[in-house]
1. Would you check which residues across the stretch 205-249 are under 19 Å from Ser14 (Cβ atoms) and of a type in the set (Val, Ile, Thr) and list them?
2. When you go through (1) near the ligand (Cβ under 10 Å from one of its atoms); (2) crowded, with 16+ Cβ neighbours inside 10 Å; (3) not basic (Lys, Arg) one by one for Asp195, which number turns out not to apply?
3. Cβ-Cβ under 8 Å, sequence separation 6+ or interchain: first residue in the stretch 44-58 and under 13 Å from Gly19 (Cβ atoms), partner assigned to a helix (DSSP H, G or I) and of a type in the set (Ser, Thr, Tyr). Which pairs?
4. So which of Ser145, Ser194, Ser157 is within 22 Å of Thr241 (Cα to Cα) and of a type outside the set (A, V, I, L, M, F, W, C)?
5. Filter the stretch 133-186 down to the residues that are of a type in the set (Phe, Trp, Tyr) and under 25 Å from Ser99 (Cβ atoms) and list them by number.
6. Just name the residue that is nearest to the ligand (Cβ to nearest atom) out of those in the stretch 216-231 that are open to solvent by 30 Å² or more (accessible area, probe 1.4 Å) and closer than 24 Å to Gly164 by Cβ.
7. Does the stretch 12-22 include one or more residues that are more than 12 Å from Val89 (Cα to Cα), open to solvent by 20 Å² or more (accessible area, probe 1.4 Å) and in contact (Cβ under 8 Å) with a residue 40 or more places away in the chain?
8. Can you name the residue in the stretch 62-74 that is without any contact (Cβ under 8 Å) to a residue 40 or more places away in the chain and more than 9 Å from the ligand (Cβ to nearest atom) and is also nearest to Asn235 (Cα to Cα) among such residues?
Amino acid sequence: MFDLTGKNALVTGSSRGIGRGISLLLAKQGANVAVNSVSNYEKLSQAAEEIRKMGRQSLSLQADVSKKDQVQKMFSDIKNKWGRLDILVNNAGVIDYASFDEITEENWDRVLDINLKGQFLCAQEGVKIMRENKWGRIINIASISSGGVGIGFKNISHYTASKGGVVALTENMAIELARDGINVNAIAPGAIESDMSLAVQKDPKLLEATISQIPKGRMGKPEDIGAACVFLASNEADYITGTVLYVDGGWLAG
Ligand code: NAP
């Protein structure tokens, strides 16, 4: 079960953090994995090298997911080198902290462009390739900070709006693409150890307050999200589309 041998995957934002963790788990299960980031080419190459050491193929693709021309080039590189794409994990994302009154138009646009428009642009290009084989898996990384879940976080209205948009986009894509054999789901992580959550990890009081909200008593690790991706990417998850899988150590239930 959950064998991904022979599948080709792209994980955006995979030079580090959650995206890197997802890439390594997909590769462990047999997939070839193209990795992507915007600026950190050295770390991106290291991630690709780790995948190759596992006996899989990898491509290092530098592209800003919020820029249509760069996204189109990234997908045409995959099509030219591999011919097909089976799994797309839309993971690239940024966070920005500011009170509602202080969010600038520039910061609003940056967060929405990378976190939401980026997933739309990548999915639109990915679907063109997946449709040819009548099989695909698109996994959009959302967040427990996406609205409508009973808890909220201050000073990240733009981030929360972008992730709420990801959930909505996921549902609409799922119903439009189901008959093409393409399943679209979202994973909503809780607090996961990565550069994005460094402020929490480094502040003992904030860390304690965060962990006190999490029934499992720890922050999540990139591999926790990677395992959920492996499941949703597998043949076994064939009847699952249009859902949000919360991977939060029980935070929302607590
Ligand atoms: P991270 O450690 O900050 O890593 C972000 C990744 O995204 C990096 O690889 C970065 O590339 C890439 N990236 C940023 N902007 C990009 C762009 N315009 N185009 C392409 N790649 C870009 O973040 P993370 O914690 O792993 O987060 C991954 C995803 O999980 C995000 O969508 C985030 O919102 C979501 N999430 C995280 C948490 C958490 O607690 N960490 C919780 C819920 C949801 P460079 O190295 O080139 O900068």
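1. Correct list: Ile225, Val230, Val247.
2. Just one mismatch for Asp195, condition (2).
3. Final answer for the pair search is Ala47/Ser23; Ile51/Ser23.
4. Values: Ser194 fails: within 22 Å of Thr241 (Cα to Cα); Ser157 fails: within 22 Å of Thr241 (Cα to Cα).
Sole residue among the options that is within 22 Å of Thr241 (Cα to Cα) and of a type outside the set (A, V, I, L, M, F, W, C): Ser145.
5. Residues satisfying the conditions are Phe153, Tyr159.
6. Taking the stretch 216-231 and keeping what is open to solvent by 30 Å² or more (accessible area, probe 1.4 Å), we get 216-218, 221, 223-224, 227, 231.
Applying the additional criterion that residues be closer than 24 Å to Gly164 by Cβ yields 224, 231.
Values: Asp224: 11, Phe231: 17 Å.
It comes out as Asp224.
7. Yes, the stretch 12-22 contains at least one residue that is more than 12 Å from Val89 (Cα to Cα), open to solvent by 20 Å² or more (accessible area, probe 1.4 Å) and in contact (Cβ under 8 Å) with a residue 40 or more places away in the chain.
8. Checking each candidate, the answer is Lys73.
The values are calculated or read from the model by the stated rules, or taken from the named source; none is laboratory data. Treat the numbers as computed from the prediction; the structure is a model and nothing was measured. Ideal geometry is used to build each Cβ from the backbone, glycine not excepted, and the neighbour counts take in all protein chains shown. SASA here: full protein model, heavy atoms, side chains in, ligands and nucleic acids out. Shrake-Rupley method; radii C 1.70, N 1.55, O 1.52, S 1.80 Å.
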